[in-house]
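Here's the structure we're looking at; comments come further down.
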Amino acid sequence: MTDNAEWKLLIATSDEPEAFLLKNRLESEGIPCRLQVQDGFPGVSHGGKTREIQVYVPVVEFEASQQALELQEADENDL
């Protein structure tokens, strides 16, 4: 993350498809986002997975991105 924007962590997950779905939702709503992968992160294992995907958004878009995250979670609960 090397540009001038200040970025903030929106969510960290071990679920790679979830991270990419969220990234696509955010970008479809015009919110830039970046994924950062952490391999072998310390702490509790997530179902045997030791990879964490962190989803970052610009600070100025954080509130809007939280709403997009809530919508994604609501969509998942409807399935």
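Give me the residue from the range 8-20 that is under 9 Å from the mean Cα position of the chain (by Cα) and in a helix (DSSP H, G or I) and, out of that set, surrounded by the fewest Cβ atoms within 10 Å (Cβ to Cβ).
Phe20
Criterion applied to Glu27, Glu73 was being at pLDDT 90 or above and part of a helix (DSSP H, G or I), and the one residue passing it is Glu27.
Within the range 30-70, being exposed (fewer than 11 other Cβ atoms within 10 Å of the Cβ) and at pLDDT below 85 holds for Asp39, Gly40, Pro42, Gly43, Val44, Ser45, Gly47, Gly48.
The values are calculated or read from the model by the stated rules, or taken from the named source; none is laboratory data. Just so it is clear, the structure is predicted and the values come from calculations on it, not from any experiment. Note: ideal-geometry Cβ built from the backbone for every residue, glycine included; neighbour counts use all protein chains shown.
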